[in-house]
Amino acid sequence: MDSGDTITVLVVDGHQTFAELLGHALAGQADLQWVGHARTGAEALRLAAELLPDVIVMDPELSDADGIAIAELIRVRQPASRVVILTASEDQTLVRRATTAGAAGFLSKNGALGDVLNALRTAHRGSMTVSTDILARLLRSTTPAVAGQRGNGLTAGGLTQREDEVLQLMAAGLDARAVARRLGISVHTCRGYQKAVLAKLGAHSQLEAVAIATRRGLVRPDPR
């Protein structure tokens, strides 16, 4: 659903109180519009197909389904809808699974409400947001040994110039489509470069690749 400059938002969360709190916050934003609330994975699939929201806020732990699996299915069925994962869990595997599923954000329910609202706007623009506390935990859990055995920098046998360009834009939060537009290449080609970056860094997801690259000093200031 697209209402001009208004970003439509579907909330998928089994906790009624939290959903109402988020709905109240959305109601106070001129550019964000609450269009529905799903409590289960089944409801999420139905409402997402009916409402075609711009952004979906997804709790990964639903009563009837794995929220990240639901998010991935929605992304396949309607790629125009962005999904932001919002969780109280500290399970690091959720972060990796969410990025693999194509989530446009991963935030903690313990964070500031304003950060969540800004993440919805960022997701709609095609970029990704990760809570700073979640990213910090991921960085701590990523050891240099996982990154490979090329020493402190990637030289011969490391990233090519194009792969490095893709890495920098990934680190800036751009998704494959946005990176492809920026570099003037096809989305298919961009995803090929992303896979190469992950393989060379020994990462299992784009977020983990950025974490590894950051620890190794390979990420430069935001190129945007």
Which condition number in (1) part of a loop (DSSP other than H, G, I, E, B); (2) closer than 23 Å to Ser127 by Cα; (3) over 21 Å from the mean Cα position of the chain (by Cα) is the one that Asp64 fails? (2)
In region 184-201, what residues are surrounded by fewer than 16 Cβ atoms within 10 Å (Cβ to Cβ) and over 19 Å from Pro79 (Cβ atoms)? Gly184, Ala199
May I ask you to list pairs of residues, at least six apart or on different chains, whose Cβ atoms are under 9 Å apart, with the first in region 114-129 being free of Cβ contacts under 8 Å to residues at least 60 places away in the same chain and at positive phi and the second being among the small types (Gly, Ala, Ser) and part of a helix (DSSP H, G or I)? Gly126/Ala178
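Being buried (at least 23 other Cβ atoms within 10 Å of the Cβ) and of a type outside the set (Lys, Arg) narrows it down to one of Ala104, Ala112, so name that one. Quick ask: steps written out before the conclusion?
Values: Ala112 fails: buried (at least 23 other Cβ atoms within 10 Å of the Cβ).
Step by step, each of Ala104, Ala112 is checked, and only Ala104 is buried (at least 23 other Cβ atoms within 10 Å of the Cβ) and of a type outside the set (Lys, Arg).
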List the pairs whose first member sits in region 73-86 and is loosely packed, with under 13 Cβ neighbours inside 10 Å, whose second member is among the aliphatic types (A, V, I, L, M) and part of a loop (DSSP other than H, G, I, E, B), and whose Cβ atoms are under 8 Å apart, counting only residues at least 6 apart or on separate chains? Ala80/Leu52
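Among the listed residues Ala48, Ala25, Ala98, Ala80, which satisfies the condition of being small (Gly, Ala, Ser), closer than 21 Å to Gly173 by Cα and in contact with a helix residue (DSSP H, G or I) (Cβ under 7 Å, 6 or more places away or on another chain)?
On the way: Ala48 fails: closer than 21 Å to Gly173 by Cα; Ala25 fails: closer than 21 Å to Gly173 by Cα; Ala80 fails: in contact with a helix residue (DSSP H, G or I) (Cβ under 7 Å, 6 or more places away or on another chain).
Every option except Ala98 fails the conditions.
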Go through region 14-44 and report how many residues are at pLDDT 95 or above, more than 16 Å from Ala69 (Cβ to Cβ) and crowded, with 17+ Cβ neighbours inside 10 Å. 6
How many of the residues making up region 49-69 are farther than 23 Å from Leu113 by Cα and either modelled with pLDDT under 95 or in contact with a strand residue (DSSP E or B) (Cβ under 7 Å, 6 or more places away or on another chain) (or both)? 6
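Out of all the residues in region 12-29, is one or more assigned to a helix (DSSP H, G or I), among the β-branched types (Val, Ile, Thr), out of contact with any Asp or Glu (no Cβ under 7 Å at 6 or more places or on another chain) and closer than 19 Å to Ala104 by Cβ? Step through it out loud before you land on a result.
First pass over region 12-29, keeping only residues assigned to a helix (DSSP H, G or I): 16-27.
Now drop any that are not among the β-branched types (Val, Ile, Thr), which leaves 17.
Checking which are out of contact with any Asp or Glu (no Cβ under 7 Å at 6 or more places or on another chain) leaves us with 17.
With the extra rule that they be closer than 19 Å to Ala104 by Cβ, the set shrinks to none.
For region 12-29, residues assigned to a helix (DSSP H, G or I), among the β-branched types (Val, Ile, Thr), out of contact with any Asp or Glu (no Cβ under 7 Å at 6 or more places or on another chain) and closer than 19 Å to Ala104 by Cβ: absent.
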Does Arg96 meet the test of being in contact with a Gly (Cβ under 7 Å, 6 or more places away or on another chain), in a helix (DSSP H, G or I) and not assigned by TED's automatic domain parsing to the domain that holds Gln194? no
Could you check region 151-175 and list, in sequence order, the residues that are part of a loop (DSSP other than H, G, I, E, B), modelled with pLDDT of 85 or more and not hydrophobic (A, V, I, L, M, F, W, C)? Thr160
State yes or no: is Gly192 outside the structural domain of Arg96 (by TED's automatic domain parsing) and on the phi > 0 side of the Ramachandran plot? no
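So which of Val179, Val210 ends up being at pLDDT 90 or above, in contact with a helix residue (DSSP H, G or I) (Cβ under 7 Å, 6 or more places away or on another chain), in a helix (DSSP H, G or I) and buried (at least 22 other Cβ atoms within 10 Å of the Cβ)?
Values: Val210 fails: at pLDDT 90 or above.
Answer to the selection: Val179.
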What are the residues in region 99-113 that are in contact (Cβ under 8 Å) with a residue 12 or more places away in the chain, on the phi < 0 side of the Ramachandran plot and in a loop (DSSP other than H, G, I, E, B), if any? Ala101, Ala103, Ala104, Lys109, Asn110, Gly111
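The values are calculated or read from the model by the stated rules, or taken from the named source; none is laboratory data. Source: prediction; values computed, not measured. Quick reminder, even Gly has a Cβ in these numbers, built from the backbone with ideal geometry, and neighbours come from all protein chains shown.
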